[in-house]
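Working notes for the structure below.
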Amino acid sequence: MKFLIVLGSILVPIVMLMLQGKSIKWRMVFNVVSVLSAIIFGNISALAIYEILRDHAVFMTSIHAIFLNPMFLITGAYLGVYLIYRLMIISYDEVYM
């Protein structure tokens, strides 16, 4: 499983880079999905922190329950891959443009 995670974090941004080079629509899709992911990821985090502060459970490990939320994991994973993809675009532009 660790191997697949590392391999995915390398291959998926490369595929994204190739797709966005083929059509501007892919770039728009990747950007829109990243904005939605950031909103969802941020709201899940904020709500989890709010509930902990509201329940006065600051010193408990209940904040770690956020890692069991599939939407948190999916959006966080996409944002990680998207960040690598954007860094690849920036690096390419600095070298070849």
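The values are calculated or read from the model by the stated rules, or taken from the named source; none is laboratory data. Remember, predicted model here, so these are calculated numbers, not experimental data. In this analysis, Cβ positions are derived from the backbone assuming ideal geometry, glycine residues included, and neighbour counts consider all displayed protein chains.
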For this session: Could you tell me whether any residue of the stretch 32-48 is modelled with pLDDT under 95 and more than 19 Å from the chain's Cα centre (by Cα)?
Result: no
Exercise. Across the stretch 56-74, what is the number of residues that are hydroxyl-bearing (Ser, Thr, Tyr) and part of a helix (DSSP H, G or I)?
Worked result: 1
Problem set entry | Any hit, the stretch 61-69, residues being in contact with a helix residue (DSSP H, G or I) (Cβ under 9 Å, 6 or more places away or on another chain) and surrounded by fewer than 11 Cβ atoms within 10 Å (Cβ to Cβ) | yes
Exercise. Does Leu53 fit the bill of being part of a helix (DSSP H, G or I) and under 18 Å from the mean Cα position of the chain (by Cα)?
Worked result: no
Exercise. Does Ile52 meet the test of being over 22 Å from Val32 (Cα atoms), of a type in the set (A, V, I, L, M) and in contact with a Phe, Trp or Tyr (Cβ under 7 Å, 6 or more places away or on another chain)?
Worked result: no
Exercise. Can you find even one residue in the stretch 24-44 that is more than 21 Å from Leu87 (Cβ to Cβ) and in contact with a helix residue (DSSP H, G or I) (Cβ under 8 Å, 6 or more places away or on another chain)?
Worked result: yes
